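The values are calculated or read from the model by the stated rules, or taken from the named source; none is laboratory data. The structure presented is a predicted model; accordingly, all values stated were derived computationally and were not measured. Here the Cβ positions follow ideal geometry from the backbone for every residue, glycine too, while neighbour counts run over all protein chains shown.
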Amino acid sequence: MPATSDSRAYKQLIQDRYTPDKIRILSEGDSWLNYPRRYFIFGKDANVVDHLADRNNLLIYNTSSNGDEAIDMISGDEKLSLLKRLSHNEFDLLLFSGGGNDIVGRYDFGFFIREKQPGMDWQQCILEHRVEMKLKQIENAYRVLCELTMEYSKNPDIKIVTHTYDFVQPNPTGFELFDIIPVGKSWVYPYLKAKKITDASDQEKIINHLLTRFKQRLIEVANDYEILTVVDTQGLLNSDQWRNEIHPTSEGFGVVADHIYHQAIA
């Protein structure tokens, strides 16, 4: 497959397979670009990059890491690593996946909601001022990403492509080893339950509201930066295309990957 997470292997991939009709991609992001296969090495394609790598016209250097937050990826050692890769190699496209963990991560999602009291509707359960603070951080992270890429990319014509996730399905299913053995809790549902937000409709409306606002902020950034393309992936998946609470099945990731490819890569 024309994808690797090893720098030497990527250089060899370029040497062996690159022709002008190939698209060189640096992939940086979270688990939507790096979620493990059912048996880690073996199993169906398990993330967006796995599916994109099935296309012979793409050469992908995947540096994504599960749990990464957008804010972290443009600061500290992660920023330095990203800029070294961009400045030392010619990439046609930076595929970036970030912001999801900033919202549903540990100590994040619970920070946005208050305990539901009798008579409160779902909107009153959201601490909007805290949501706004976090969204501003994410927006600034994307703006910094655009500026850094324009400044340091070896290829001045590089494009950045990102996505908007999909409306995750609050439920108790977290990561399961081999899709059988539960390992840890789910990401969103425990916080909703702890805050006494138990109605499934309320849970869905809250998470959809947060992710819709996230998408709107990304679009605002893209309106200011020609280098950035935001592919709207919200609403693509059916309820049976989720592997767990926040990650699609192989089929679901395939739907997302195909949409990203046809909207922004092909």
Residue under evaluation residue 165, criteria (1) modelled with pLDDT of 95 or more; (2) more than 19 Å from the chain's Cα centre (by Cα); (3) assigned to a loop (DSSP other than H, G, I, E, B), criterion not met: (2)
Residues of segment 67-80 satisfying the condition of being surrounded by fewer than 16 Cβ atoms within 10 Å (Cβ to Cβ) and under 25 Å from residue 260 (Cα atoms): 67, 79
Selection within segment 201-212 - under 18 Å from the mean Cα position of the chain (by Cα) and either acidic (Asp, Glu) or closer than 25 Å to residue 47 by Cβ (or both): 207, 208, 210, 211, 212
Scan of segment 89-116 for residues that are exposed (fewer than 13 other Cβ atoms within 10 Å of the Cβ) and at pLDDT 95 or above, ordered by number: 115
Looking only at segment 1-36, and only at residues there that are under 14 Å from the mean Cα position of the chain (by Cα) and among the hydroxyl-bearing types (Ser, Thr, Tyr), the one that is nearest to residue 265 (Cα to Cα): 27
Candidate set from segment 89-102 (those that are in a loop (DSSP other than H, G, I, E, B) and of a type in the set (D, E, K, R)); member that is nearest to residue 57 (Cα to Cα): 92
Scope segment 204-244; condition without any contact (Cβ under 8 Å) to a residue 60 or more places away in the chain and touching a Leu at 6+ places or on another chain (Cβ under 7 Å); matching residues: 222
Qualifying residue in segment 103-115 (condition: under 19 Å from the mean Cα position of the chain (by Cα), more than 18 Å from residue 191 (Cβ to Cβ) and either aliphatic (A, V, I, L, M) or not in a loop (DSSP other than H, G, I, E, B) (or both)): no
Enumeration of residues in segment 123-151 that are within 17 Å of residue 81 (Cβ to Cβ) and either surrounded by 13 or more Cβ atoms within 10 Å (Cβ to Cβ) or among the hydrophobic types (A, V, I, L, M, F, W, C) (or both): 141, 144, 145, 148, 149
Which numbered condition residue 120 fails, given (1) part of a loop (DSSP other than H, G, I, E, B); (2) in contact with an Asp or Glu (Cβ under 8 Å, 6 or more places away or on another chain); (3) not small (Gly, Ala, Ser): (2)
Single residue of segment 244-259 satisfying the filter (part of a helix (DSSP H, G or I) and either touching a Phe, Trp or Tyr at 6+ places or on another chain (Cβ under 7 Å) or of a type outside the set (Gly, Ala, Ser) (or both)) that is surrounded by the most Cβ atoms within 10 Å (Cβ to Cβ): 253
Residues (over 16 Å from residue 242 (Cα atoms), of a type in the set (Val, Ile, Thr) and touching a residue at least 12 places away in the same chain (Cβ under 8 Å)) located in segment 12-57: 14, 23, 25, 49
Pairs with Cβ under 8 Å, 6+ apart, first in segment 58-85 and under 22 Å from residue 186 (Cβ atoms), second of a type in the set (Ser, Thr, Tyr) and at pLDDT 95 or above: 64/27; 64/97; 70/142
